[in-house]
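Asks: Before anything else, here's the structure in question.
The values are calculated or read from the model by the stated rules, or taken from the named source; none is laboratory data. Values in this document were obtained by computation on a predicted structure and should not be read as measured data. Here the Cβ is made from the backbone with ideal geometry for all residues, glycine too, and neighbour counts use every protein chain on show. Side chains included, ligands, DNA and RNA excluded: accessible areas come from the protein's heavy atoms. Shrake-Rupley method; radii C 1.70, N 1.55, O 1.52, S 1.80 Å.
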Amino acid sequence: MSDMTSTADAPRSPGRPRSVRADEAIVEATLDLLAEGSTIEALSIEAIAARAGVGKATIYRRWAGKDALLLDALRRLKGILPQPAGHSVRDDLVLLVGAIGKNVDPRASKIMPCLVPEVNRSPDHFRLYQNIIAPRRQLMREVLRRGIAEGLLRPDLDLEVTMALLTGPMLIQRVLQWNPDLDEQALPGQVVDTVLAGIQAR
């Protein structure tokens, strides 16, 4: 994956404005093919172009390559980053934990579990995955740092371990349906309160 620059990061060249409809069709085609069982390795620009009803050149004018297109498509699948209000560390953590593994696009349930083995097999795909989740992880890190600065959380808190403690239960429940008896609506608050009990300043 030599270039994972997305359209959001790429400089715009002068000329005719890009077609939003074409952008949408290309991203939707990418997600549809993944949901139908195509692996990242097997997915081709040719197949995406054919499904979207555009030429390959149309795709390459918008994205540097397949990896950059995948980055934008999977970001779309994950949805908009939740924005903590900044008033309550607990409420902000519940918001962020509640967004873990939650996707509004029904294709996510077919695509995300299939990405796990590919992420584990390929360093390039691992980097792609990290590019998708790093901004979400950073939001949680900032909330925890604010809690330390406000004297609410222990000053010696290991942020990375704490984020793993907050994230793991939601992932295992939403991706694997580990315990169908758990209340998914209540779970984010329960996870946060359980972890906070161990990391609050004394």
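Asks: Could you grab the relative contact order for the stretch 16-57? Cα pairs under 8 Å, six or more apart, rounded to a whole percent.
Replies: Reported as a whole number, the value is 46 percent.
Asks: Of VAL54, ALA197, LEU128, which is farthest on the positive side of the dipole of the chain, counting Cα position, with +1 on Lys and Arg Cβ, -1 on Asp and Glu Cβ, and the Cα centre as origin?
Replies: Positive-end residue among those listed: VAL54.
Asks: What residues qualify as long-range amide H neighbours of GLY101, i.e. H under 5 Å apart, gap of 5 or more or another chain, H built at 1.01 Å from N?
Replies: none
Asks: Also, I was wondering about something else. Given 0.36 nm per residue, what is the gain on full extension from VAL161 to LEU81 after removing their alpha carbon distance, in nm? Write out the running numbers ahead of the final one.
Replies: Numbers: separation 80, 0.36 × 80 = 28.80 nm, distance 2.16 nm.
Contour length minus Cα-Cα distance gives 26.6 nm.
Asks: Kindly state, to the nearest 0.05, the FRET efficiency for ASP105 paired with ARG154, given R0 = 30 Å and r defined as their beta-carbon distance.
Replies: Details: r = 38 Å, r/R0 = 1.26.
The calculated FRET efficiency here is 0.20.
Asks: Now a separate question. Just how many pairs of Lys in the chain have C-alpha atoms closer than 16 Å, counting pairs that are eight or more places apart or on different chains?
Replies: Values: LYS56/LYS66; LYS78/LYS102; LYS78/LYS110; LYS102/LYS110.
For the chain, qualifying lysine pairs total 4.
Asks: Could you work out Rg/(2.2 N^0.38 Å) for the chain, with Rg from alpha carbons only? All intermediate terms of the calculation are to be shown ahead of the outcome.
Replies: Values: Rg = 19.3 Å, N = 202, 2.2 N^0.38 = 16.5 Å.
The value comes to 1.17.
Asks: What ³J(HN,Hα) values, in whole Hz, does the Karplus curve 6.51 cos²θ - 1.76 cosθ + 1.60 give for the stretch 41-50 when θ = phi - 60°, with x put for Gly and Pro?
Replies: Using θ = phi - 60°, the values come out as 4, 6, 5, 10, 4, 4, 5, 5, 4, 5 Hz.
Asks: Search the structure for amide H atoms under 5 Å from the amide H of LEU153, placed 1.01 Å from N in the peptide plane, and list their residues when 5 or more places away or on another chain.
Replies: HN-HN under 5 Å from LEU153: ILE148, ALA201.
Asks: I'd like to check one number: the per residue accessible area of the chain, probe 1.4 Å, reported in Å² as a whole number. Intermediate values should be presented prior to the final figure.
Replies: Working: 11330 Å² over 202 residues.
Accessible surface, normalised per residue, equals 56 Å².
Asks: Let me ask something additional. What ranking of ARG174, ARG137, ARG121 comes out by heavy-atom accessible area, probe 1.4 Å, highest first? Display every interim value, and only then the final one.
Replies: On the way: ARG174 40, ARG137 80, ARG121 170 Å².
My answer, sorted largest first, is ARG121, ARG137, ARG174.
Asks: Dividing the alpha-carbon radius of gyration of the stretch 73-181 by 2.2 N^0.38 Å (N being the number of residues), what value is obtained?
Replies: On the way: Rg = 15.0 Å, N = 109, 2.2 N^0.38 = 13.1 Å.
Rounded to two decimals, the normalised Rg is 1.14.
Asks: Relative contact order for the stretch 41-153: what percent, with Cα pairs under 8 Å and sequence separation of 6 or more? Walk me through the numbers on the way to the answer.
Replies: Values: 54 pairs, mean separation 27.8, N = 113.
Over the stretch 41-153, the number comes to 25 percent.
Asks: Normalised by the residues of the stretch 84-202, what does the relative contact order come to in percent, with Cα pairs under 8 Å and at least six apart? Can you show the working numbers first?
Replies: Working: 79 pairs, mean separation 45.2, N = 119.
Across the stretch 84-202, relative contact order equals 38 percent.
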